[in-house]
Structure formats: structure tokens, C-alpha cells
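*Asks:* Quick one: structure below, then a few questions.
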């Protein structure tokens, strides 16, 4: 339970070159593929589905595919994009795209937490990382805020488990589509409510 009311929209990044089957995408690290052309279109459609006030705070993984998904939303709504190492994909052997490149290409982006160890993690370490991310997001949430967090497919389940208080002995797998949205309502004094999951309605038009 929380002491304030707010919403979080969890978004899986749009289609990346890695999702298309490619394994090399210089100059990016093999664990840090950028969006495909289709993914860039999906990211724009995501931004087009929101108006000013629909989102009031925006977070993203430090990996380029998440940044490129979130950035059109940041630009349209004139919001800073807070980058969190702690919501990046599991078992990733990079801490994210070079900060110099990010500052040049994405000036609304701001780094918001300390770098975490990249590489292989146990399920317990993944769950703890998700808890750290959620603690930070919850602590910065304001009353009636509408928050978007752009993360990754395999890490999604840890974030959902942390939000909903689901305790499982094994990793909680939650399959979601590229650029899909999952909404959770946090109401003061009540347990969190999963309002909808894996919504891709914003991608339907013109596809």
C-alpha cells in the first residue's frame, strides 16, 4: 500500500534491431541495439497517443532502444527523461549507451541513479534491482501523478512482481509485446490494481 495515489504505465521498448534477428549494430554494443525503422514508427505512435498532462513524469532504461522509445514522448510533452540503470534488461553486458552520445542526441535525458553491475544476475539480484528502481520511482511520485517507465521484456516481470507484491520462488515471467503498455493504479491505503496489460491499441492505426 502507498500513502498517495498515482498511476504507472510500464512500456516495453519498441521493436529493436535485436528483435529483428540482427546481432551486430555498430557503433552500438551487441547488448544495446537501437530501434528498427518499424520501432521508430511505433515510438512515434506511442507519443501520438498522449496529450500534455496525460504523463507527468518519464523514466527509461539507459539502453538506447528504451531511450529511443521514450524520447518522442518527452519531446511531445516537454518532459525531462530520467534514465535509470536499474530498469535496464537482465544479463546485459553494458551499462548503456555512451553518456556523451546521449547528451548530444537526447538533451532532455538526465541520469537519475547509480550504475549497477552489468552481466549475469541471479533471480534474487534481478528482483532486488527492480525493488531499488521501484523504491526510487515511488519516493519521487507526487499525488495524482501519471508516470511512464520504459523498460525491457525479460525484466518486465520483476517490475510487475515488485509492484503487485507477488512472491514467487522462481523468476516471474510476463510476456509483453514491443511498445505495449501495462497500467497499474496505486491508491492511497489500498492494494495496487492492475488496470490493463500488454495494450497495443495505440499501434493499431495505419499498421
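The values are calculated or read from the model by the stated rules, or taken from the named source; none is laboratory data. Note that the structure is a prediction, hence the values are computed from the model and not measured. Cβ: placed from backbone, ideal geometry, glycine included. Neighbour counts: every protein chain shown.
*Asks:* Just to be sure before I move on: is residue 133 part of a helix (DSSP H, G or I) and surrounded by fewer than 20 Cβ atoms within 10 Å (Cβ to Cβ) in the structure I sent?
*Replies:* In short, no.
*Asks:* Quick one: which residue in 9, 46 is crowded, with 16+ Cβ neighbours inside 10 Å, in contact with a helix residue (DSSP H, G or I) (Cβ under 7 Å, 6 or more places away or on another chain) and either in a loop (DSSP other than H, G, I, E, B) or touching a residue at least 60 places away in the same chain (Cβ under 8 Å) (or both)?
*Replies:* Checking each option against the conditions leaves just 46.
*Asks:* Mind listing whichever residues of region 65-82 are part of a loop (DSSP other than H, G, I, E, B) and in contact with a strand residue (DSSP E or B) (Cβ under 6 Å, 6 or more places away or on another chain)?
*Replies:* Hits for region 65-82 are 79, 80.
*Asks:* Continuing with this model, one more query. Of (1) crowded, with 17+ Cβ neighbours inside 10 Å; (2) within 19 Å of residue 195 (Cα to Cα); (3) at pLDDT 90 or above, residue 172 satisfies all except one. Which?
*Replies:* (3)
*Asks:* If you go through region 96-106 one residue at a time, do you hit one that is in contact with a strand residue (DSSP E or B) (Cβ under 7 Å, 6 or more places away or on another chain), outside any helix (DSSP H, G or I), farther than 21 Å from residue 42 by Cα and without any contact (Cβ under 8 Å) to a residue 60 or more places away in the chain?
*Replies:* Taking every residue of region 96-106 in turn, none turns out to be in contact with a strand residue (DSSP E or B) (Cβ under 7 Å, 6 or more places away or on another chain), outside any helix (DSSP H, G or I), farther than 21 Å from residue 42 by Cα and without any contact (Cβ under 8 Å) to a residue 60 or more places away in the chain.
*Asks:* Answer yes or no as to whether residue 32 is closer than 22 Å to residue 85 by Cα and at pLDDT 95 or above.
*Replies:* For residue 32, the condition - closer than 22 Å to residue 85 by Cα and at pLDDT 95 or above - is met.
*Asks:* Considering only region 116-139, state which residues are within 27 Å of residue 77 (Cβ to Cβ) and in contact (Cβ under 8 Å) with a residue 40 or more places away in the chain.
*Replies:* 130, 132, 133, 136, 137, 138
*Asks:* If the requirement is being more than 22 Å from residue 155 (Cα to Cα) and surrounded by fewer than 24 Cβ atoms within 10 Å (Cβ to Cβ), which of these qualifies: 78, 19?
*Replies:* 78
*Asks:* Restricting attention to region 83-95, report how many residues are surrounded by fewer than 24 Cβ atoms within 10 Å (Cβ to Cβ) and either assigned to a helix (DSSP H, G or I) or at positive phi (or both).
*Replies:* Summing the residues that are surrounded by fewer than 24 Cβ atoms within 10 Å (Cβ to Cβ) and either assigned to a helix (DSSP H, G or I) or at positive phi (or both) in region 83-95 gives 2.
*Asks:* Give just the number: which of (1) modelled with pLDDT of 90 or more; (2) loosely packed, with under 13 Cβ neighbours inside 10 Å; (3) in a helix (DSSP H, G or I) does residue 110 not satisfy?
*Replies:* Residue 110 satisfies every listed condition except (3).
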